[in-house]
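Scroll down for the structure; my scribbles are underneath it.
The values are calculated or read from the model by the stated rules, or taken from the named source; none is laboratory data. Model, not experiment: these values are computed from the prediction. Note that we place each Cβ from the backbone using ideal geometry, even for glycine, and neighbour counts take in every protein chain shown. Just the protein is used for accessible areas: all its heavy atoms, side chains included, with ligands, DNA and RNA removed. Shrake-Rupley method; radii C 1.70, N 1.55, O 1.52, S 1.80 Å.
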Amino acid sequence: MKILVTGGGTGGHIYPALALMNRMKEVDPETEFLYVGTDRGLESTIVPDQGYNFEPLRVEGFKRKLNFQGLKYNIKTIQLFVTSINKAKKIVRKFEPDVVIGTGGYVSAPMCYAASKLNVPTLIHEQNSVVGLTNKFLARHVSAIAICFDEARDQFGKHKEKVIYTGNPRAQEVANFVQTDVLSDYQLDPDKHTVLIFGGSQGASKINETVKNSWPQLINKSYQTLFITGKNHYEHINKELEESTRYVSDSSSSGVKIVPYINNLPEVFASVSLVVSRSGATTLSELTSLGIPSILIPSPNVTEDHQTKNAQSLEKKGAAVVLKEEDMNAEQLVGKIDLLMNDKEKREKMSHASKQLGRQDASDLIINTIVNLLKR
C-alpha cells in the first residue's frame, strides 16, 4: 500500500501523523510512505529524521486581520494556493497513493484538495476541540474526517456524516508506558508522589515565572516537583532561583528539580501523580491515554482559544482542573496542586475519568477507516 501523508507547521500536526505512520508500518512493513510538508516547518527536519521520504510544498496561511496589508497578503496567498494545487496534483500523480491523509496545517489543504479532485480517497484528522480553518475548508471534499473531541463533530455541519471519533494516534503510541524508576534520572525519589510542571516544548514565560515565585512553598511539601522550563528559559530561571533561594540545581536534598527539557515525556508522565501543563492536543492525548490527572493552563495565544476548549472538555468529564493564565499566581497554583496532591481519592477519580477519555486504539481505528474507504 502507498500512503501520502500531509500536515505541518506545529508538532500537534506532525507527531500524530508520525505515530499513525509508525503503527501502519508495524501492521504492514511493506507500506510505502511519502510525507508532504512545507520546507520551513518543523516537519522538514523531523520527518526525514524519522526515516520517511519528504517532499516540500510551498504554501502560506491566511492573515486573520483584514486590514489593507492583510488583504494584500491574502490575495498573494490565494494565488500561491492555486499554484500549489497544480504542484500537489503532480505529486499525487507521480506517487500514485492509495490514500491521502491530512493532519492539519495549511500545507494539507492543497494536497487533500488535489487528491480529492483526482478521486483518491482522502482522510483528514482534527486534533482539537475547535476545528481549524484548513479542515473546515476540506470537509466537503474529503472522504472521511477523524476527530479527537466530540465537541468537534457538529462544527463540520452538513458534512458530519463523514465524522468518525478515533482519538489521537499519539494516544496509542504511548498507551503501554508504565511507572518506572525514570524519576531517579532527575535525582528524585521514584517511590514518592510527584507533580510535573511544564509549559510546552518551548516553555511558557508566565508558567515559569509563577513556578519561580512558588519555589519557597514547593520545596517544603510532602510531595516532590519536577519543573521543565524549556531550553531557552532554563539559564535565567535557574540563575534567578539560585540567587533568590540558594537553590542548587544538582542538590539531592531539594524536593524540587529543574530541567530545561525532557525527551521521554510520556515515560515521565506514567511515573508521576499529577501533571500541570498547557492543553495542546498532543499533550492531552498522552495524558488521557495514560490516565494522568492534570491541572491545565491553556495558552491564550492560540487560534480561536482552542486550548481553553480542549481543557474544558477534560474538566467537564472530571479528568482535569482548569486554571486560567490570567488568574494564575503562586498562591493559586500551589493551592490547586495541594488540593489534588493531598487528596488521593480525588486523584484516583480524575485518573479514571482521564483514562476513560483516552483512545488507546486510535491509530488502529484510523487504519480501519482507511481500509473501509478502500473497499468503497
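Key figures for this structure:
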| read-out | value |
| --- | --- |
| Exposure of ARG23 as accessible area (Å², to 10), given a probe of 1.4 Å and all protein chains | 70 Å² |
| C-alpha long axis of helix 281-290 to longest principal axis of the chain, angle in ° | 60 degrees |
| Karplus-derived HN-Hα couplings along the range 104-109 (A = 6.51, B = -1.76, C = 1.60, θ = phi - 60°), whole Hz, x at Gly and Pro | x, x, 4, 5, 6, 5 |
| Computed E for LYS25/THR45 - FRET, C-beta separation, R0 25 angstrom, nearest 0.05 | 0.80 |
| Rounded to 10°, Cα long-axis angle of helix 344-357 versus longest principal axis of the chain | 10 degrees |
| Loop-exposed chymotrypsin sites (Phe, Trp or Tyr not before Pro) per DSSP, neighbour cap 15 Cβ within 10 angstrom, longest uninterrupted part of the chain | 63-260 |
| Of GLY335, GLY203, GLY280, the one that fluctuates the most in a GNM where the chain has Cα springs shorter than 10 Å | GLY335 |
| Within the accessible area of the chain (1.4 Å probe), percent carbon and sulfur | 47 percent |
| Average Cα contact separation per residue, the range 298-367, under 8 Å, 6 or more apart, as relative contact order % | 30 percent |
| The range 1-59 versus the range 280-338: alpha-carbon centroid distance in Å | 28 Å |
| DSSP-assigned coil residues among trypsin sites (Lys or Arg not before Pro) in the range 124-164, each with at most 14 further Cβ atoms within 10 Å | ARG140 |
| Amide H contacts of GLY199 (H built 1.01 Å from N, under 5 Å, at least 5 apart or other chain) | ALA204 |
| The chain shape via C-alpha gyration tensor axes, a/c threshold 1.5 | prolate |
| 5 angstrom amide H check on ILE164, placed H, neighbours 5+ away | ILE145, ALA146, ILE147 |
| Heavy-atom accessible area per residue - the chain, 1.4 Å, Å² | 46 Å² |
| Note, ³J(HN,Hα) from phi for the range 210-222, Karplus 6.51, -1.76, 1.60, rounded to Hz, x at Gly and Pro | 5, 5, 4, 6, 8, 3, x, 7, 5, 6, 10, 7, 6 |
| Only Lys, Arg (+1) and Asp, Glu (-1) charged, at Cβ; the range 308-376 dipole about Cα centre in debye | 540 debye |
| Proximal lysines relative to LYS162, as straight alpha-carbon distance under 21 Å, when same-chain residues fewer than 8 apart are discounted | LYS117, LYS136, LYS375 |
